[in-house]
Every structure is written in structure tokens, then in C-alpha cells.
Amino acid sequence: MKNFWYACEFSFAITNKPKQIMILNQRFVLYRNSQEKIIALKDQCPHRGAALSLGWIQNDCIHCPYHGWKFRSDGQCIEIPSNAPGIPIPKKASVDSYPVQEKYGFVWLFYGDLPATQCPPLPTLPEYMISTMHPVYDEGIDNANYARLMEANLDFTHVIAVHRKSFGQRIPRNKTISYKVEEYDWGAVAKVNYESLGNSKSFLNLLLGGRPELKTRLSLYLPNVTLAEISIGRGNRFDIKFGILVAHLPIDDKTTLVKRVLYRNILPLPWLDGFFRKLDHKLAQEDTVVVATLGSQSMPKISEELHVAADALDITFRRLIQKHSNIDSQNYPINKSSQPVQVG
Ligand code: FES
Ligand SMILES: [Fe+2]
């Protein structure tokens, strides 16, 4: 899925120092010029192939760390220190440059082969979350496939097992979970509500005067972003909201750089950010430990695994991947009426 905008880094992490970003074994170098605009170039010097990201920036140009060739922000080399001024610089002495946008605290990079104007637009995230909730940022490298990690973030029912020690034991079970998936060209969304969470002795129950309701909404934004919106409350009495926005950057098939933003509407005190970051990190690790053990890291065909009604969002995700990567489409059901193998 090349012809998409990839959420690849937090905006605050790109400065006037070059930074390497890797997407599916391809290296990119990003930096800010003196106008604060982000420049993105191929991170490979055309001379001997050194990583420009180890070089330095001067007057908005990047210098290769090996022999000091100097490249403009459009990628063209304009100075070769071992040649006297006036010696022409070949046109081929250039690196590819890429369009970049900034939105929602992320940098979005386009490295496809279509004009960027023809590719899907950046997602529109829920306004209430972006404008009123307090974010904390976290990141880490996971030894798992990016699509498999996304799948876990689009999975309503894994919480009862994967997260059983943190909060999953409060989710009611032995009830068929089924829901409607709203599918659109470059993503999908679904909601599941639980009328009452278990554990009558919890502090939260005392606070709310009864068992709370849990509302969950999971969204997919191709190619690499998921959002979980979680709301815990009781009538209008209380409304604790979390938003977990995750960008999954595939470094290679089995390694993913995960960038997470945890939004909250409670206790927006900066000195509590460390606590919430740790909590988010713990939950993410609970997923990764299991996802890293999946039999197949690459996403199998729908018919190669078993599915239950609760997997509908995940199946939509697989169809969309297939539709946009155009692989083996004869064997892969991409129209909405195709039924996956379903158990129960
Ligand atoms: S490798 Fe970049 S200048 Fe030689
Ligand atoms: Fe999870």
C-alpha cells in the first residue's frame, strides 16, 4: 500500500537535526528548514550510498556525512567539496524528495508513485478528542508485523484474555458480540457497548453509584492508523473518556515502530502524564507479547483462519488491505457480500 499518507513520526520529534525514518526497509531522512517546513528525502547519498541522516544541515541544505556533498531541499546536489567551483554537477547527483504534511501531532509522509493529490486524503479524527482531551505520547519497537498489531487494535474481544490482568476481567463474557461495521474506501469503524461492567466492589462503582457502562468504538484509517475510543460512565453521571491513537510504522515484515497517543478527559495534569504513559505502555505490551507469537506474521487469506462474529471489523480490515494491495484478488473475497468462514 504505497499510495497512502503514512503517519510516520510525532511532529515534535522532527527538528533542524536530520532524523531517519524507515518504512518497509526504505530509508528516509526528515528535517525542518528555517521556515519550520519539514523536508523529506531519500536517505541514501547517490555517491556511495551513505545515510544522509548522519550528516548535517546548513542553510536548509543537508550535507552527506561521508564526503560532504551538499543537497538542496528538493534533493538536487549543489556542491561537491572535492571539485573546484564551476565544475558542473551532474543532474543525476540528486536524491528523491517526498511530500509531507503535519496534522494531529503527526508527520504524514507520501512515498507512492501516484501524484500525492490522487492518493487518499489524511483521516479526519473526532474533533472532541483532538480539541478537548489531554494527550500523552509513547513509542516503542515491537517484534511483530504491523498489520497484525493493527488487527489487535481493531479487536473487541481480545481484552477478556490478553488484558485480563489489567482490566479485561470486568468485561461481561459468554454473550455473542456482534456489531455492524461501517466500511468506507480507506477505513472502517464499529461500536460495541456493554451495559454493565463486572466487579461490584470497585472504587469506580462507588463513585458512580452502580456498575458503569462501557462504550467502545474502534476505527481503522488505512494504511497504518487505528483509534480506540473508550467511554466509561453511568447515564449522565460521569463520563470518563480515553482515546488511543496508534500509528504503526512497518520497519520490515516483523518489526514495527509503534507511536501511540493516549488522550484522556480526566485529570489533565501534566504531572500525571507519567502515570498514564506507563499504563498505556503496559496495555500495549500485553498485546505485543501475544501478537509476536502468532503463527503467521504476514496477514493470511481470510479463508486460512477461523473467524467468529466478533471478528467482523478485523475481516473488513483484511478485505481493505487486499483491495488496495491487489494481491491474488481472485482467491480473496473483496466484495462486502462474501462470507468469511465463521465459527459460532
Ligand atoms: S557517500 Fe555521500 S558524499 Fe560520498
Ligand atoms: Fe489490546
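Observations on the model:
- Percent of beta bridges antiparallel (DSSP, the chain, rounded to nearest 5): 100 percent
- Between L24 and E127, the distance separating the two model label sites (each 7 Å from Cα on the Cα→Cβ line) works out to 3.5 nm.
- Loop sites in the range 141-189: trypsin sites (Lys or Arg not before Pro), DSSP, at most 11 other Cβ within 10 Å: K165, R173, K175, K180
- Under 5 Å from the amide H of V95 lie the amide H atoms of Q76, C77, each residue being 5 or more positions distant or on a separate chain, with H modelled from the backbone and absent for Pro and chain starts.
- Database remark: amide H of K103 closer than 5 angstrom to the amide H of W108 (H placed geometrically; neighbours at sequence offset of 5 or more, or on other chains; Pro and chain starts carry no H).
- Violating pairs (Cα-Cα greater than 29 angstrom) within the set K2/K282; K37/K91; K42/K254; K2/K92; K17/K241; K91/K254: K2/K282; K17/K241; K91/K254
- Stokes-Einstein D in µm²/s, Kirkwood radius over Cα pairs - the range 45-103 at 10 °C with 1.306 mPa s viscosity: 133 µm²/s
- Among the GluC sites (Glu not before Pro) in the range 1-94, those located in a DSSP loop and surrounded by at most 15 other Cβ atoms within 10 Å of their own Cβ are E36.
- Sequence-distant residues sharing a close amide H with E9 (under 5 Å, placed H): V107
- When peptides 57-65, 287-295 are ranked by their average number of other Cβ atoms within 10 Å per residue, the highest-first order is 57-65, 287-295.
- Within the range 12-112, the trypsin sites (Lys or Arg not before Pro) that combine a DSSP coil assignment with at most 16 other C-beta atoms in a 10 angstrom radius are K37, R48, K91, K92.
- Couplings 3J(HN,Hα) of the range 313-321, computed from phi: 5, 4, 5, 4, 4, 4, 4, 5, 4 Hz, in residue order, whole Hz [Karplus 6.51 cos²θ - 1.76 cosθ + 1.60, θ = phi - 60°; x for Gly and Pro].
- Contact order relative to length of the chain, as percent, for alpha carbon pairs under 8 angstrom and 6 or more apart: 17 percent
- In sequence order, the range 258-271 has phi-based couplings of 10, 10, 10, 10, 9, 8, 9, 9, 10, 6, x, 8, x, 6 Hz under the Karplus curve 6.51 cos²θ - 1.76 cosθ + 1.60, θ = phi - 60°, and Gly or Pro positions carry x.
- Couplings 3J(HN,Hα) for the range 94-99, derived from phi with the Karplus relation 6.51 cos²θ - 1.76 cosθ + 1.60 (θ = phi - 60°), are 8, 10, 5, 10, 10, x Hz, where x marks Gly and Pro.
- The chain - Cys residues lacking any other Cys C-beta under 4.7 Å: C8, C61, C77, C119
- Cα-based Kirkwood hydrodynamic radius, the chain, one decimal, Å: 22.2 Å
The numbers here are math on the coordinates, done by the rules we state, and not lab data. Small disclaimer: the values here were computed from a predicted structure and weren't measured. Every residue, glycine among them, receives a Cβ derived from its backbone with ideal geometry; neighbour counts consider all protein chains shown.
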